[in-house]
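See structure below.
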């Protein structure tokens, strides 16, 4: 095996942006340090890891919902007991609310980027306000899903009533759990922002997750609408 | 940023303080790795004792087992194992071994300990997730152990928990009540833990590599853990919802898996239209990749150790990596071969048979590379390299029977027999355990700062190696003779003549199990009384050997290494010793192929 010597990448000192993140809590760990050669990929940096982590997590979530989808399709075909369920009206409203929350989160993100660029410490209020709007919309969505369950319940459709109602409850509940997780993420992000300790990558990671929950819901809504 | 300020900031989490943060709820990947190892050890000992009970019952069905009546006085009155309890033992043995040993030991334990060090990181990407991952695994273990002692009997559905009987509850008999519910709960918790663990492995490998550590410069063990994490991430993400649906069928009265008009214990079940096959599809979609979750880390570890013992690289570093990747990829296309006799469409059987035969190609390539690389080398015989060789042997012996089982026409005859039991115990169970033994003997000095006793290690190897063959080779013969699996007693006429073979297996199993006392003694004795280990006892090249034994809490004492070389620079002419460490800036003379090999 012929071996060539690979030199490591040359170290090029780079002037760091003055407002580099992460001094707010705990004095900054080794992953908070800025890589000396300017390459975030070569040197461990927690911020990119949080983004990667979210993508990896989303892959797993996608797989879980793919499994549930295939279970739904197989179950529907396996016996003649599948009954049509009219989706509760409130779901249309919930869909609008969740889509709107994605937009408000983007507003927050835009404003945060501008803030980070201008380097003003005072004006965290503006992105924070949009984060709170997103949070409330998220809560409204979960409440709306609960209202949808109540509507089904009033029609006498419980978890075990028909296979289609089973899948309705399972899919919406699992999705709602994931949305609650996203809300936790948003609360974490806004508390960081309040302390001016938010890193852009953390916000990006949280918002990728949130948008994914949005897209996932649109997919589930379509699936339920077509199949139930 | 200069080196000093880099060093001063090299603290991703402050040094742990106090016993609890140090050793119990630790964020340190090394402690978590050891915790996983300890849990796997506990699980493997429990699982082994359960298998002894099974073997004893098969050949002496009516004799009481000493002490058993205290442990299971309802399930085994007077210490005599009932048929139901036999099934419980089988279920618990399978579940413990597959989940808590074969997933935990080679992947979670050694991966946690060595993946970050081998890529030059100071810890995993998400230390808190890592801690949660271990403690959830521990919780899952406790829940499963609780199932062993519930009043209405431990679960009896096997590690595959096929519905409908696993989904209808206590009406299906002892062990299908609380025990089975706890089983489902335990596996669901285990899934979440494994997902967190895999997420950590993948993010760490992608994001926290030291400077110069390109993907192709990662050691083969790290590659194997990374690929395994990718497999586990997608596999456990499917088992988790499947377990959820099974628990709903049991507790909430839904009908995902229970068909209509099912009569169990003379009662019509209040379920409608579910599909038992659906569970099998979901389960085996996880279940087959699970086989590779167990074996791929062992393959990486064994390659890593063999290269060190051969003092030269494998024939091809890249082909090994690509083969491991294709194993991971193909493992998702073959799940149906577990269901050839489940009433699938024959066309589906054919569709699953083809990739099952294709998956033997990367396995064969790996085997050929191992054997081809071993050919003509001066192997350093250590306990670790012996176990690595044993792995190759067992993997081949167990793998060959896979060619037969991959074909539906042959599988129909052999599926429900001991042939399959022999196949998967050799190729997945014992082979992966040999990988774990090899890893233990190889890395123990690094983990505990002391050497293990080599003489005891070699005795342990020969007893275990011969024992494993004595136990599992006759299984194939039994299977071909038509001996069905999962029977708790062989009372049929045609099975009676096979009893002497069973007796032989039982004695071999008891003896081989007893030989593990040597290993345990060596492990515990060396931990406290072993010779102090030098930094690099095996003259190895990868990054874990550039740090003291055991490594400091942040692995590199603040000095993150820079990587200059491929991982296996052995047999280098003109080097001090015959090797060059990965982080050594020393130039390596480019010599023609023949000169190196």
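Each value in this text was obtained by applying a stated rule to the coordinates, not by laboratory testing. Because the structure is predicted, anything quoted here is derived from the model rather than measured. FYI the Cβ positions are ideal-geometry reconstructions off the backbone, even for glycines, and counts take in every protein chain you see.
Worth pointing out:
- Average other protein chain Cβ within 10 Å of Cβ, residues B:239-248: 4
- The range B:178-243: C-alpha pair distances exceeding 20 Å, %: 39
- With all pairs of separate Cα atoms included, the range B:271-403 yields a Kirkwood hydrodynamic radius of 16.4 Å.
- Rough spin-label spacing in nm, given labels placed 7 Å along Cα→Cβ, for residue B:268 and residue B:403: 5.3
- Relative contact order of the range B:540-597, defined on C-alpha pairs under 8 angstrom at six or more residues apart (%): 37
- 14 Å reach of a label modelled at residue B:507, 7 Å along Cα-to-Cβ, counting backbone N of the range B:458-482: B:470-471
- Least to most buried among B:122, B:531 (fewest other Cβ within 10 Å first): B:531, B:122
- For the protein assembly as shown, calculated [θ]222 nm from helices alone, where every DSSP H run of n ≥ 4 adds -39500 (n - 2.57): -20500 deg cm²/dmol
- As a rough footprinting exposure proxy, the listed residues B:377, B:230, B:191 were ranked by other beta carbons within 10 Å of their own, and the order from fewest upward is B:377, B:230, B:191.
- Average silhouette area of the range A:46-227, convex hull of alpha-carbon atoms, in square nanometres: 10.4
- For the protein assembly as shown, projected area of the alpha-carbon convex hull averaged over all directions, nm²: 36.2
- Mean separation of Cα contacts under 8 Å (6+ apart) over length of the range B:478-597, as relative contact order %: 17
- Theoretical FRET efficiency, 1/(1+(r/R0)^6), r = Cβ-Cβ of residue A:188 and residue A:147, R0 25 Å, to 0.05: 0.40
- Compactness of the range B:95-152 - radius of gyration and Dmax, Cα, Å: 14.3, 51
- Computed label-point distance, nm, for sites residue A:154 and residue B:261 using a 7 Å Cα→Cβ extension: 3.8
- Backbone N within the range A:144-179 under 18 Å of label point (7 Å from residue A:83 Cα along the Cβ vector): A:149-170
- Gyration tensor verdict on the range B:540-597 (Cα atoms; rounded if a/c is under 1.5, prolate if a/b is larger than b/c, oblate otherwise): prolate
- Residue A:110-residue B:587 FRET efficiency (beta carbon distance; Förster radius 51 Å; 0.05 resolution): 0.50
- Neighbour-count order for B:156, B:361, B:560, fewest beta carbons within 10 angstrom listed first: B:361, B:560, B:156
- The label point for residue B:525 and the one for residue B:578, both projected 7 Å from the Cα toward the Cβ, are 3.1 nm apart.
- With Cα atoms, 0 to 90° folded angle of helix B:29-59 axis to chain B main axis: 40
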